[in-house]
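The values are calculated or read from the model by the stated rules, or taken from the named source; none is laboratory data. What you see is a predicted model; the values in this text were computed from it and never measured. Virtual Cβ from ideal backbone geometry, glycine too; neighbours counted across all protein chains shown. Note: areas computed on protein heavy atoms with side chains; ligands, DNA, RNA excluded. Shrake-Rupley method; radii C 1.70, N 1.55, O 1.52, S 1.80 Å.
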Amino acid sequence: MTTPYDVGVFVGSLRKESFSRKMAKALIGVAPATLKLEIVEIGQLPLYNQDDEANPPAPSAAFKARVRKAQAVLFVTPEYNRSVPGVLKNAIDIASRPYGDSAWNGKPGGVVSVSPGVIGAFGANHHLRQSLVFLNVPALQQPEAYIGNAAKIFDASGALSDDSVRDFIRKYMDAFAKWVELNLAKQRSAVAV
Ligand SMILES: Cc1cc2nc3c(=O)[nH]c(=O)nc-3n(C[C@H](O)[C@H](O)[C@H](O)COP(=O)(O)O)c2cc1C
């Protein structure tokens, strides 16, 4: 088998019992073998400060290098006030700068939003997509992944316990794997021309 693609997974919550983190682990658990997914932590990052761009703090530089190494990116996020939590936006900003040297550029991506509410964090999902357009991260469009009722789909150990959600996320990860392959193949053939 060929080497699986390195996928960075970014969780937009620092909460210990975060539903988004549980969902990220469930997504990793059902992913096809063509992908090797790893949660890339963001809680250690300082607040982005443009004054530090030329000489960024060590955690920011290490984070950006990890993003750079990833071949694809998957965001699993809750919604805060109908948008993306600040911790996730901060991480995105850190790896995006200096201007013209973004580590996100061209990496195929996916967005899974998670909420205990019924709307499934739709607002966060689409605010995040707005940034991804600018960052030139082609994000999987279908299936969309708005995971609602998050307080009811995990068991006491944190494992996903809802079969219909498991079926859905398996289909999602199969589609995401195809999306990653398609985009990286396109990039390889563009380089070869
Ligand atoms: C500051 C804040 C704002 C929130 N705003 C929203 C919101 O706009 N939409 C929503 O569905 N849930 C909202 N919630 C509830 C979160 O969905 C809930 O706390 C969820 O468990 C957070 O995700 P996590 O479990 O991954 O930490 C908000 C929570 C906080 C702390």
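Per-residue ellipticity at 222 nm from helix content only, as computed over the chain with -39500 (n - 2.57) for each DSSP H run of at least four residues, stands at -13500 deg cm²/dmol. Of all aspartates and glutamates in the structure, the ones whose alpha carbon falls short of 13 Å from that of Lys64, not counting any fewer than 8 places away in one chain, are Glu41, Glu53, Asp93, Asp101. Using a 1.4 Å probe on the protein chains only, how many percent of the accessible area of the chain belongs to carbon and sulfur? Roughly 56 percent of what the probe reaches on the chain is carbon or sulfur.
Between Gln50 and Asn90, what is 0.36 nm times their sequence separation minus the Cα-Cα distance? Round to one decimal in nm. Kindly include the intermediate steps, with their values, before the conclusion.
Numbers: separation 40, 0.36 × 40 = 14.40 nm, distance 1.18 nm.
Stretched out fully, the Gln50 to Asn90 stretch lengthens by 13.2 nm.
Within the assembled protein chains, the solvent-accessible surface assigned to Arg188 is about 120 Å², based on a 1.4 Å probe. In the context of the full set of protein chains, residues of the range 1-160 present 49 Å² of accessible surface per residue (probe radius 1.4 Å, heavy atoms only).
Backbone phi angles across the range 41-50, fed through the Karplus curve with coefficients 6.51, -1.76 and 1.60 (θ = phi - 60°), yield HN-Hα couplings of 5, 10, x, 8, 6, x, 5, 4, 9, 4 Hz in residue order; Gly and Pro are listed as x.
Compute the normalised compactness of the range 26-89: alpha-carbon radius of gyration over 2.2 N^0.38 Å, N being the residue count.
Details: Rg = 14.2 Å, N = 64, 2.2 N^0.38 = 10.7 Å.
For the range 26-89, the normalised Cα radius of gyration is 1.33.
Accessible-area rank, largest first, for Phe122, Phe10, Phe19: Phe122, Phe19, Phe10, with all protein chains present and a 1.4 angstrom probe. Comparing Val40, Val84, Val114, which has the greatest mean-square fluctuation in the GNM of the chain with Cα pairs linked when under 10 Å apart? Comparing Val40, Val84, Val114 in the GNM, the peak value goes to Val40. Annotation: for a label point projected 7 angstrom from Cα along Cα→Cβ of Glu17, residues of the range 112-126 with backbone N closer than 15 Å are 116.
Contact order for the range 1-82, expressed relative to its length and based on alpha carbon pairs under 8 Å spaced 6+ residues apart, stands at 50 percent.
For Ala145, the amide hydrogen comes within under 5 Å of the amide hydrogens of Ser113, counting only partners 5 or more places away or on other chains and with H modelled in the peptide plane. Working from Cα pairs under 8 Å separated by at least six residues, relative contact order for the chain is 23 percent. Note on Gln141 and Lys69: their simple-model spin labels are 3.4 nm apart, each label 7 Å out from Cα toward Cβ. Distances between placed amide hydrogens fall under 5 Å for Phe154 paired with Ser161, all partners being 5 or more residues away or on another chain. How many lysine pairs does the range 84-193 hold where the Cα atoms are under 22 Å apart and the two sit 8 or more places apart or on different chains? Qualifying lysine pairs in the range 84-193: 6. Given +1 at the Cβ of Lys and Arg, -1 at the Cβ of Asp and Glu and no other charges, the dipole of the range 73-193 around its Cα centre is 300 debye to the nearest 20. Computed extension gain for Asp101 through Ala190, at 0.36 nm per residue and net of the alpha carbon distance, reaches 30.0 nm.
Counted over the chain with a bin width of 10 Å, the fraction of Cα pairs per bin, in whole percents, is 9, 37, 37, 15, 2, 0.
Can you tell me the convex hull volume per residue for the range 101-170, based on C-alpha atoms, in Å³ to the nearest whole number?
Numbers: hull volume 7.1 nm³, N = 70.
Spelled out: Cα convex hull of the range 101-170, divided by residues, is 101 Å³.
For the range 78-154, the relative contact order comes to 37 percent (Cα pairs under 8 Å, sequence separation of at least 6). Determine, at each q value in 0.19, 0.20, 0.22 (inverse angstroms), the log₁₀ of I(q)/I(0) that the Debye formula gives when each Cα of the range 1-54 is one equal point scatterer. Summing over Cα pairs of the range 1-54 leads to -0.75, -0.79, -0.86. Among Lys16, Lys107, Lys171, the largest mean-square fluctuation in a Gaussian network model of the chain (Cα springs under 10 Å) belongs to Lys16.
The Cα-based radius of gyration and maximum Cα-Cα distance (Dmax) for the range 59-152 are 13.4, 43 Å.
Sort Tyr5, Tyr80, Tyr146, Tyr99 by accessible area with a 1.4 Å probe, largest first.
On the way: Tyr5 35, Tyr80 120, Tyr146 65, Tyr99 175 Å².
Order by accessible area, largest first: Tyr99, Tyr80, Tyr146, Tyr5.
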